[in-house]
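Here's the structure, in structure tokens; my notes come after.
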Amino acid sequence: MASYDLVVIGTGPGGYVCAIRAAQLGMKVAVVEKNATLGGTCLNVGCMPSKALLHASEMFEEAGHSFVKMGVNVSAPKLDLPAMMNFKQQGIDGNVKGVEFLMKKNKIDVISGKGKILGTGKVEVAGKDGKTQLVETKNIVIATGSDIARLKGIEIDEKRIVSSTGALSLDKVPGKLLIIGAGVIGLELGSVWHRLGAQVTVVEFLDRILPGMDGEIARQFQRILEKQGFSFKLGAKVTAVDSTGKTLVAQVEPAAGGAAEKIEADVVLVCIGRVPYTDGLGLKEAGVALDNRGRVQTDAHFATSMKGVYAIGDVIAGPMLAHKAEDEGVAVAEILAGQAGHVNYDVIPGVVYTTPEVSSVGKTEEELKQAGVAYTTGKFPFTANGRSKVNQTTDGFVKILADAKTDRVLGVHIIGIEAGEMIHEAAVLMEFGGSAEDLARTCHAHPTRSEAVKEAALAVGKRAIHM
């Protein structure tokens, strides 16, 4: 029977990163993975494949609409969907092989099968062949991630009524796509299929899109998406989907109650969020406590209620983001090695990979108001940014929120091309407790879109130069 210093259950971004950091720190490590490939949801059916399709569909749209105004004349692009799906698959394979290589390089054992915690230091792994093996270890990290949240009474078949997984592998472009949920995943996948020719309608229970994001950003972004051709039904819920006919018929009611309307669709995408994945882990029997939302309860050091068992990522509280899981994986490995691993939850960026992108880090205006924090705002539109003007990509703006007393930057929110890349200078600044003044006085290369970040910081002190 094999014995380890650490066994990590799950090889998504949290799990495999945790395993690598622990191995770097001299531990004997094994990972347990129930799927045929490593990398979890993110690499196989989430972040990575969706970015491949977002990129490919954006190129398709550019070729069809934007090339001509730049003096590039090409014939109308033709969609070869199987080839686009192959492009996506090549990306997945490359990333998965990369993780396999990192496991070998760091001498981490990969145990195939479904892990179950039998008690402190004991993990049972059930293989596909039905055989089980017992693995002994000093410590266990639960990194099992999350699963799609389901809607009562609406059966996902991954053909016509799909989750994000099915929406990444449709075999033809739906004429009409109905999306339930106006969060990040719905808007990204909606963008893919809209660019490829689908008519997209998004139904959202709340009276706004992108719950949790800064309200002003969400409102402006909704206007941009509507201009692109999205239609939104906010403050509404889908109560049933009739799949007996040739097309699907969804019943949509106002969230507050009232008369229902019927919406026809070829495909319905259900993406109302994700839930912690704890099935078959034996947590209840082993005595690992869960909170009221089914998440594994942990203390400030990621320890669960059971000695020697820790948890990270989507399966615990906090934003369900791959990079949050990675940082927690590193932190817990360092804690196990006797170091001071920690995660700064005030500086975790989030990105929506649409066109334009939306990114944010730190607090929203709503959160600052609720906490009673006095703040100043600096805003700068891309219409006034030189690089954006010459490239004719002027949608969006940068908004910086700073403490009214100390000028410390508390939140940064961006809509614009490459907003996801631009947010990181704000993250670094905030990690060092920097002020808007610090950012404003940092020389930025000209002409770049990032100058809009500097100008927004200048605008906090009411001294933006270019507007």
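Laid out as a table, the results:
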read-out: Bins of 10 Å from zero: percent of alpha-carbon pairs in the range 9-68; value: 21, 31, 21, 15, 9, 2
read-out: Amide N proximity, the range 309-324 versus His424 label position 7 Å along Cα-to-Cβ, cut-off under 14 Å; value: 323
read-out: Positive dipole terminus of the chain, leading residue within His323, Ser231, Leu81 (C-beta point charges); value: Leu81
read-out: Virtual spin-label span in nm between Lys51 and Asp157, 7 Å along Cα→Cβ; value: 3.4
read-out: By accessible area with a 1.4 Å probe, ligands and nucleic acids excluded, highest first: order of Thr244, Thr377, Thr364; value: Thr244, Thr377, Thr364
read-out: Heavy-atom accessible area per residue - the chain, 1.4 Å, Å²; value: 47
read-out: DSSP H segments from the chain that extend 27 Å or more along their own axis, Cα-based, with Kyte-Doolittle mean of 0.5 or above; value: none
read-out: Segment Arg208-Asp346, length gained on full extension (0.36 nm per residue, minus Cα span); value: 47.3 nm
read-out: Whole-Å distance, taken between Cα centres, linking the range 403-467 and the range 156-185; value: 37
read-out: Area of Met70 that stays accessible when all protein chains are in place (1.4 Å probe, Å², to 10); value: 120
read-out: Taking only Cα atoms of the range 262-357, radius of gyration then Dmax in Å; value: 17.0, 59
read-out: Three-way shape call for the range 197-266 based on the alpha-carbon gyration tensor, with the a/c threshold at 1.5; value: oblate
read-out: Cβ-Cβ FRET estimate between Leu102 and Lys389, R0 fixed at 51 Å, reported to 0.05; value: 0.75
read-out: Overall form of the chain per C-alpha gyration tensor (a/c, 1.5; a/b vs b/c); value: oblate
read-out: The range 335-395: C-alpha gyration tensor shape, a/c 1.5 cut-off, then a/b vs b/c; value: oblate
read-out: Relative contact order (percent, whole number), the chain, Cα cutoff 8 Å, 6+ residue spacing; value: 14
read-out: Ordering of 3-14, 98-109, 310-321 by burial proxy (mean other Cβ atoms within 10 Å per residue, highest first); value: 3-14, 310-321, 98-109
read-out: Greater than 24 Å apart at Cα, pairs in Lys176/Lys227; Lys131/Lys307; Lys324/Lys462; Lys88/Lys233; Lys51/Lys172; value: Lys131/Lys307; Lys324/Lys462; Lys88/Lys233
read-out: Cut-off 12 Å between beta-carbons: net charge of the residues surrounding Thr247, Lys and Arg +1, Asp and Glu -1; value: +1
read-out: Potential lengthening between Ser243 and Lys128 on full extension [0.36 nm per residue; Cα-Cα distance subtracted]; value: 38.0 nm
read-out: The chain - percent of accessible surface contributed by carbon and sulfur, probe 1.4 Å; value: 52
read-out: Val72 - accessible surface, heavy atoms, 1.4 Å probe, Å² rounded to 10; value: 70
read-out: Packing rank of 210-217, 291-298, where each peptide gets the mean count of other beta carbons within 10 Å, highest leading; value: 210-217, 291-298
read-out: Rough spin-label spacing in nm, given labels placed 7 Å along Cα→Cβ, for Ala83 and Ser169; value: 2.3
read-out: Relative contact order (percent, whole number), the range 3-81, Cα cutoff 8 Å, 6+ residue spacing; value: 24
read-out: Positive-end extreme of charge dipole, the chain - chosen from Leu336, Gly46, Gly245 (charges on Cβ); value: Gly245
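The values are calculated or read from the model by the stated rules, or taken from the named source; none is laboratory data. Treat the numbers as computed from the prediction; the structure is a model and nothing was measured. Methodologically, a virtual Cβ is constructed for each residue, glycine included, from the backbone with ideal geometry; neighbour enumeration extends over all protein chains shown. SASA here: full protein model, heavy atoms, side chains in, ligands and nucleic acids out. Shrake-Rupley method; radii C 1.70, N 1.55, O 1.52, S 1.80 Å.
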